[in-house]
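Presented below is the structure to which this report refers.
The values are calculated or read from the model by the stated rules, or taken from the named source; none is laboratory data. Quick caveat, the model's predicted, so the values are computed rather than measured. Note that each Cβ is placed from the backbone with ideal geometry, even for glycine, and that neighbours are counted across all protein chains shown. Keep in mind that these areas ignore ligands, DNA and RNA; they rest on the heavy atoms of the full protein, side chains included. Shrake-Rupley method; radii C 1.70, N 1.55, O 1.52, S 1.80 Å.
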Amino acid sequence: MATALVIENDPTDDVRRLGEWLTEAGLDLWVVRPHAGDELPADLEGCSALVVLGGEQQAYPLADGAPGAPWFPAVEGLLRKAVRHRVPTLGICLGAQLLATAHAGRVERSPSGPEIGPGLVGKRDAADTDPLFRYVPLMPDVLQWHSDEITELPRGATLLAASTRYPHQAFRLGDRAWGLQFHIECDTAMITDWATDSTVLAELGHDPDLVVAACHAVMVDVEEVWQPFAARFAALALGELVDEAPRRSLPLLGQ
């Protein structure tokens, strides 16, 4: 069985529903929790995929120049190796931001303020030929919970989805690494934990119960879109995804 290395950066953001979807699609998960003292591997030998999850930390350096978490330099190193060696990679929220910073992109505290709760993102034209985004609806449901954003994509990255206030919602780097600013792994229990005593919700003046209810209302819609997305990612890692990208050709003269 093919193995996906899953890096859990924060105990409040585990692989949850995404993990279920990936295992159902045939991947074995090796979950490493550096926040709990687990040692990250030096390379991706024996791994068919890499998944980097979210967390409350920041992807950019702290005020004293230290990384947002002690293990982030090692995570960024693994992300660079994954892209270089074409290991299928998926970064979620903070994981997407680390994918960006590992390749000279820029992440900052969002000038638009926090983005919390259910929302829609819009696919860009490049998504039409992307092996994972090709079958995602034009405006898929997503769950948002972030205060930082990717303000500059890495050089050569392909933008796949955007929104009005946060232009870099999803991107691909190379041909096998994807970053999603939004969350697809959450269930209602995870959102409830995040909403409990949340300083961000308090600052925004949002009622935690209403935020949880709004997120719960779209859980089925999120699963309908992103479970097949996860299955396609697993198929890519398993070597089972057939390239079905539409190929455009110039019309013949005189036709």
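Okay, here's what the table says:
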| quantity | calculated |
| --- | --- |
| Unique match (being in a loop (DSSP other than H, G, I, E, B), touching a Lys or Arg at 6+ places or on another chain (Cβ under 6 Å) and open to solvent by 30 Å² or more (accessible area, probe 1.4 Å)) among Leu159, Leu138 | Leu138 |
| Meets criteria (open to solvent by 40 Å² or more (accessible area, probe 1.4 Å) and small (Gly, Ala, Ser)) for Ala213 | yes |
| Helices (runs of 4 or more DSSP H) (entirely within region 174-252) containing at least 1 residues that are at pLDDT below 95 and farther than 30 Å from Glu45 by Cβ | 199-204 |
| Hits in region 113-135 (condition: part of a loop (DSSP other than H, G, I, E, B) and over 24 Å from Leu241 (Cα atoms)) | Gly113, Pro114, Val121 |
| Filtered residue count, region 65-83, keeping only those that are farther than 20 Å from His35 by Cβ and in contact (Cβ under 8 Å) with a residue 24 or more places away in the chain | 3 |
| 3 or more residues open to solvent by 50 Å² or more (accessible area, probe 1.4 Å) and either over 20 Å from Ile184 (Cβ atoms) or not β-branched (Val, Ile, Thr) (or both): qualifying helices (runs of 4 or more DSSP H) within region 1-112 | 16-24, 72-84 |
| Any hit, region 23-33, residues being under 15 Å from the mean Cα position of the chain (by Cα), modelled with pLDDT of 95 or more and among the polar types (S, T, N, Q) | no |
| Residue tally, condition farther than 23 Å from Asp187 by Cβ and among the hydroxyl-bearing types (Ser, Thr, Tyr), over region 141-162 | 2 |
| Selection within region 38-54 - under 20 Å from the mean Cα position of the chain (by Cα) and at positive phi | none |
